[in-house]
Amino acid sequence: MALLSHQLLIPSDLASLFESQRTLLPFESFCRGFAWYLCPVVVAKEPQWVLINVAFGFVELLENMSPPNANAVEKAAFDVIELASPLDREKDNVSVSFNPADMTWHIADKLPTHVGKQYQRVEQALRQCHDIYEADEAIEQINAKPLTIGDQRIVPVEGVYGVLLELADDFRDYMQSTPWWKQLWHLSTKQTPWLEP
């Protein structure tokens, strides 16, 4: 079993911007890991991009990505995970892959309802921003506001921090409670039992 991976989803009308940089697959279902929608926005009359996490609605602003660059998009997704990892357990956060080869790109024509609502919030907030610094502050405020996902109210930033804390705790528990010979077996067979549901 592999570490948790990333899935990037882009609207079909924007596929031509990335098809020469990455293999774009049709969207079938969400991966076991982190899924992100890449959406265009405007800040102070300049085109920009945001990533919106499917599970929590967390938004990351990609600054000055002109022309659109697949490497910058991947780095932004990795940065969210790295920066949100609990500092006191950073060495325990080995559950998420940071290898670009483990990131897949997909074309998706429809946003899930909560992602669409979050995208509307972002567009509305960014219309009032005069520069990228105001935009960063607006995104920070959006990430701190509860969002309804299914039948739950989730604060996006708390959701991302919470899942990474849980992953770190699960790995630490695995390391402390699993005999060394079993850990060695898991390592040699590329198993990650601390990620089992």
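Classification of the range 128-177 by its C-alpha gyration tensor yields an oblate form. The axis ratio a/c (a ≥ b ≥ c) is 1.5 or more, and b/c is at least a/b. Mean-square fluctuations from a GNM of the chain, with a 10 angstrom spring cutoff on Cα atoms, peak among Leu164, Leu24, Leu38 at Leu24. Taking Thr113, Thr104, Thr178 as the candidate residues, the one with maximal mean-square fluctuation in a Gaussian network model of the chain, Cα springs under 10 Å, is Thr178.
Largest first, the residues Leu195, Leu111 sort by 1.4 Å accessible area into Leu111, Leu195. Using the Cβ-Cβ distance between Asn69 and Gln120 with R0 set to 35 Å, the FRET efficiency from 1/(1 + (r/R0)^6) comes to roughly 0.85. When a/c is below 1.5 the answer is rounded, else prolate if a/b is larger than b/c, else oblate, so apply that to the chain with a ≥ b ≥ c taken from the square roots of the Cα gyration tensor eigenvalues. Because a/c hits 1.5 or more and a/b exceeds b/c, the chain counts as prolate. Solvent exposure of the range 141-197 amounts to 67 Å² per residue of accessible area, where only protein heavy atoms count and the probe is 1.4 Å. Among the chymotrypsin sites (Phe, Trp or Tyr not before Pro) in the range 29-75, those placed in a DSSP loop whose Cβ has at most 16 other Cβ atoms within 10 Å are Phe30. The residues Arg32, Arg22, sorted by heavy-atom accessible surface at 1.4 Å with ligands and nucleic acids left out, run Arg32, Arg22 from largest to smallest.
For the chain, with all protein chains in place and a probe radius of 1.4 Å, 54% of the accessible heavy-atom surface sits on carbon or sulfur. Separation of the range 3-40 and the range 127-197, taken as the distance between their Cα centroids, equals 20 angstrom.
The values are calculated or read from the model by the stated rules, or taken from the named source; none is laboratory data. Because the structure is predicted, anything quoted here is derived from the model rather than measured. Glycine also receives a Cβ, built like all others from the backbone with ideal geometry; neighbour counts cover every protein chain displayed. Calculation scope for accessible area: heavy atoms of the full protein, side chains included, ligands and nucleic acids excluded. Shrake-Rupley method; radii C 1.70, N 1.55, O 1.52, S 1.80 Å.
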